[in-house]
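Accompanying notes for the structure given below.
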Amino acid sequence: MVDMQSILSLIQSQSYLLIFILMIVEGPVTTAAASFVASLGFLNVYIIFILSFLGNFVPDFLLYYIGRFSRGEKVERYLEKFGLNKSKIKRFDSGFKKHAGKTLVFVKLTPLLPVPGLIIAGFTKVPVKRFFFIDATFNFISAIIATLIGFYFGLAANIIFKFFKIGEYTLLLIIPLILIFYLMYKKFSPKLIKNNKQK
């Protein structure tokens, strides 16, 4: 007979896998939400932090290597989808050569730029060790910030919910809904803005 502890362990292990996949797509928001859940005791906050770091760092390194070893017309045409023509790519080339750290941080913080920007970092042949150090440092700090925000916000919310006698399980239902609405907003808001401008 399977006991409840075994079922809970299975759910938690599957949750970590799903969380890691979501972190690759939307790192900081997923980290904050997962840390929120961890503050209620359902997940391990240290595992969330590690997954947050890896969920950002591993894809970054893969994109960097794609750029480093596959520069060509196909990749450049792909970058054009992000509005990066040859002249803009040259500017990023120059930025990475002169100020690799500042340019990489700018790329990571600017919406829609991380994917093409990291590929260009590979194009420019930013030294592997330097890229590793800068990107790892940035992702480590951002993972700490997102984890702490989610965790301590969760602790505060837990006190409020207990005061108003609202159960933790109700709170757990709210978190996925917030994530879904956020992802939907992020997907459809550019189209809505574009349509409003056309009107």
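Observations, loosely collected:
- Within the stretch 117-146, the set of residues being surrounded by fewer than 24 Cβ atoms within 10 Å (Cβ to Cβ) and more than 15 Å from Ala100 (Cβ to Cβ) comprises Asn139, Phe140, Ile141, Ser142, Ile144, Ile145.
- Among residues of the stretch 21-71, those that are touching a residue at least 60 places away in the same chain (Cβ under 8 Å) and of a type in the set (Ser, Thr, Tyr), counted: 6
- Single residue of Lys108, Lys74, Lys97 found to be of a type in the set (D, E, K, R) and without any contact (Cβ under 8 Å) to a residue 12 or more places away in the chain: Lys74
- Of the numbered criteria (1) farther than 28 Å from Ile50 by Cα; (2) surrounded by 12 or more Cβ atoms within 10 Å (Cβ to Cβ); (3) not aliphatic (A, V, I, L, M), the one Lys98 fails is (2).
- Condition met for Thr137 (under 20 Å from Thr30 (Cα atoms), modelled with pLDDT of 80 or more and of a type in the set (Val, Ile, Thr)): yes
- Candidates Ile7, Ile21: the one that is in a helix (DSSP H, G or I), on the phi < 0 side of the Ramachandran plot and modelled with pLDDT under 80 is Ile7.
- Number of the condition not met by Pro111 [criteria: (1) more than 15 Å from Pro59 (Cα to Cα); (2) more than 15 Å from the chain's Cα centre (by Cα); (3) modelled with pLDDT under 90]: (2)
- Just one of the listed residues (Gly117, Gly122) is part of a helix (DSSP H, G or I), under 19 Å from the mean Cα position of the chain (by Cα), closer than 20 Å to Val58 by Cβ and in contact (Cβ under 8 Å) with a residue 24 or more places away in the chain, and it is Gly117.
- Enumeration of residues in the stretch 72-91 that are under 18 Å from Leu104 (Cβ atoms) and surrounded by fewer than 17 Cβ atoms within 10 Å (Cβ to Cβ): Phe82, Lys88, Lys90, Arg91
- Scanning the stretch 129-144 for residues that are β-branched (Val, Ile, Thr) and either in a loop (DSSP other than H, G, I, E, B) or in contact (Cβ under 8 Å) with a residue 24 or more places away in the chain (or both) yields Ile134, Ile144.
- Residues in the stretch 101-115 that are buried (at least 19 other Cβ atoms within 10 Å of the Cβ) and either among the charged types (D, E, K, R) or more than 21 Å from Ser52 (Cα to Cα) (or both): Thr103 only.
- Residue within the stretch 148-162 that is among the polar types (S, T, N, Q), part of a helix (DSSP H, G or I), modelled with pLDDT under 85 and farther than 24 Å from Val45 by Cα present: no
The values are calculated or read from the model by the stated rules, or taken from the named source; none is laboratory data. Values in this document were obtained by computation on a predicted structure and should not be read as measured data. Neighbour counts run over all protein chains shown; Cβ positions are idealised from the backbone, glycine included.
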